[in-house]
Amino acid sequence: MSGLEFPHAAPPVGGWVALVPGVRWLRLPVPGGLRHINVWLLEDGPGWTLVDTGMDVPAARAAWDGAVGAALEGRAVTRIVCTHHHPDHAGLAAWLAERHGAPVYMSEPEAMLLRDLRATELDPALAAARLAGFEAAGLAITPELESVLSLRNYRRIVSGVPADLRILADGEVLAAGSRRWQVRLVAGHTDGQALLYSADSALLIAGDQVLPRISSNVGLYPERRDPDPVGSFLGSFVGLAALEPEPLVLPSHGDVFHGLRLRLGQLAAHHASTLAEVERLAEAPLTAAALAKRLFRPDLDALNRMLAVGEAHAHLHHLALHGRLRVLEAPGEPRRYASA
């Protein structure tokens, strides 16, 4: 994050910050290492367009009933936009939509993933297939991991699939008050994350695609349809770097910042370094799970072990797709990757 500029001295804590007239920055608690998610209120006539919702956990519901909800100033949420399907972004969408009578907007790939994960939680056959996908990556399934991988606790953090779920298209323009926001669908972190760009106000609601302090998880998981998340993630930088004027970035985690092009360069360099390290480590054949142990801390909890294996798998597979590694497969054995 060296060289980035953070124009707001303090983020919202238990309340909200006015970024510019008609755009409010709210922050909701998230369990685990991320600690928080930023969500955004866009003034929209008599009500508000809400971008992202928070995870369905008691602390987030309490925040909406308390200090965070006070940012609405008694006006309704008339539209909810979820950048993507992950629980911290869409977990409270169904709950808030029912409370306010508001439609929920997502891209088609994200709506499919939200529905797929809910179905997997309820269908033992789908859960077993998901476990088999991780076993093929070399992950030994412990009882703790099985609970996470089979999505047994998903219902506790996602309030449901919204009844009125509408689809966002790439390039579509959403009007909110006096501003026009162009929808830009990007892949990598997930299959079709919806970013919102206001050229007139030089603002970019960036979801998890561009974060100031960390790189988002870019992983290959059984439910994903993108065959090359790493390639998609890096490929998205071309269009984002071309945004003119260069916007103030409104990320989902961390503080709002100036320096989009600089940050994209830093993220590209980080993944290039990771790919070079993966290629070196794969001189001897290894699985995604074995690679994850080399790249990440050994004391990860079950959720972060899943994310680590997904990230390792995505980088291995990217190298294989580009001819820099070869895939070794044998019946009954996990998939291994080795130098080409």
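Quick notes on this one:
- The residues of region 128-141 that are touching an Asp or Glu at 6+ places or on another chain (Cβ under 7 Å) and in a loop (DSSP other than H, G, I, E, B) amount to a single one, Ile141.
- Failed item in (1) hydroxyl-bearing (Ser, Thr, Tyr); (2) crowded, with 20+ Cβ neighbours inside 10 Å; (3) under 30 Å from Val327 (Cα atoms), with Thr142 passing the rest: (2)
- Scanning region 141-169 for residues that are in contact (Cβ under 8 Å) with a residue 40 or more places away in the chain, under 30 Å from Trp48 (Cβ atoms) and either in contact with a Pro (Cβ under 8 Å, 6 or more places away or on another chain) or of a type in the set (D, E, K, R) (or both) yields Tyr154, Arg156, Ile157, Val158, Pro162, Asp164, Leu165, Arg166.
- One residue stands out in region 238-258 among those that are out of contact with any helix residue (DSSP H, G or I) (no Cβ under 7 Å at 6 or more places or on another chain) and part of a strand (DSSP E or B): the one that is nearest to Asn217 (Cα to Cα), namely Pro251.
- Options Arg261, Arg280; residue that is farther than 28 Å from Arg27 by Cα, basic (Lys, Arg) and at pLDDT 95 or above: Arg280
- Only listed residue being in contact with a strand residue (DSSP E or B) (Cβ under 7 Å, 6 or more places away or on another chain) and within 24 Å of Leu149 (Cβ to Cβ), chosen from Leu325, Leu300, Leu316, Leu307: Leu316
- Where strands (runs of 3 or more DSSP E) sit wholly within region 142-231, those with at least 1 residues that are more than 14 Å from His84 (Cα to Cα) and modelled with pLDDT of 95 or more occupy 173-176, 179-186, 193-198, 203-207.
- All conditions in (1) closer than 20 Å to Arg99 by Cβ; (2) among the charged types (D, E, K, R); (3) in contact with a strand residue (DSSP E or B) (Cβ under 9 Å, 6 or more places away or on another chain) hold for Arg35, with the sole exception of (1).
- Any hit, region 251-263, residues being touching a Leu at 6+ places or on another chain (Cβ under 6 Å), closer than 22 Å to Arg224 by Cβ, in contact (Cβ under 8 Å) with a residue 12 or more places away in the chain and among the small types (Gly, Ala, Ser): no
- Qualifying residue in region 173-183 (condition: polar (S, T, N, Q), farther than 21 Å from Arg305 by Cα and over 21 Å from the mean Cα position of the chain (by Cα)): yes
- Ala132 under 22 Å from Leu286 (Cα atoms), among the hydrophobic types (A, V, I, L, M, F, W, C) and crowded, with 19+ Cβ neighbours inside 10 Å: no
- Residues in region 3-20 that are touching a residue at least 12 places away in the same chain (Cβ under 8 Å) and farther than 15 Å from Ser252 by Cβ: Gly3, Leu4, Glu5, Phe6, Pro7, His8, Val13, Gly14, Gly15, Trp16, Val20.
To keep it simple, each residue is scored yes or no on (1) more than 18 Å from the chain's Cα centre (by Cα); (2) over 17 Å from Pro334 (Cβ atoms).
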| site | (1), (2) |
| --- | --- |
| Ala111 | no, yes |
| Arg115 | no, yes |
| Asp123 | yes, yes |
| Ala128 | yes, no |
| Ala132 | yes, no |
| Ala136 | yes, no |
| Arg152 | yes, yes |
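- Just one of the listed residues (Arg261, Arg294, Arg305) is of a type in the set (D, E, K, R), surrounded by fewer than 18 Cβ atoms within 10 Å (Cβ to Cβ), more than 26 Å from Pro12 (Cα to Cα) and touching a helix residue (DSSP H, G or I) at 6+ places or on another chain (Cβ under 8 Å), and it is Arg294.
- For region 128-140, the set of residues classified as free of Cβ contacts under 8 Å to residues at least 40 places away in the same chain and either charged (D, E, K, R) or touching a helix residue (DSSP H, G or I) at 6+ places or on another chain (Cβ under 6 Å) (or both) consists of Leu131 only.
- Some residue of region 321-335 being without any contact (Cβ under 8 Å) to a residue 24 or more places away in the chain and assigned to a helix (DSSP H, G or I): no
- Scan of region 268-291 for residues that are surrounded by fewer than 19 Cβ atoms within 10 Å (Cβ to Cβ) and outside any helix (DSSP H, G or I), ordered by number: Glu283, Ala284, Pro285
The values are calculated or read from the model by the stated rules, or taken from the named source; none is laboratory data. Note that the structure is a prediction, hence the values are computed from the model and not measured. When we count neighbours, we look across all protein chains shown, and the Cβ atoms used for this are built from the backbone with ideal geometry, even at glycine.
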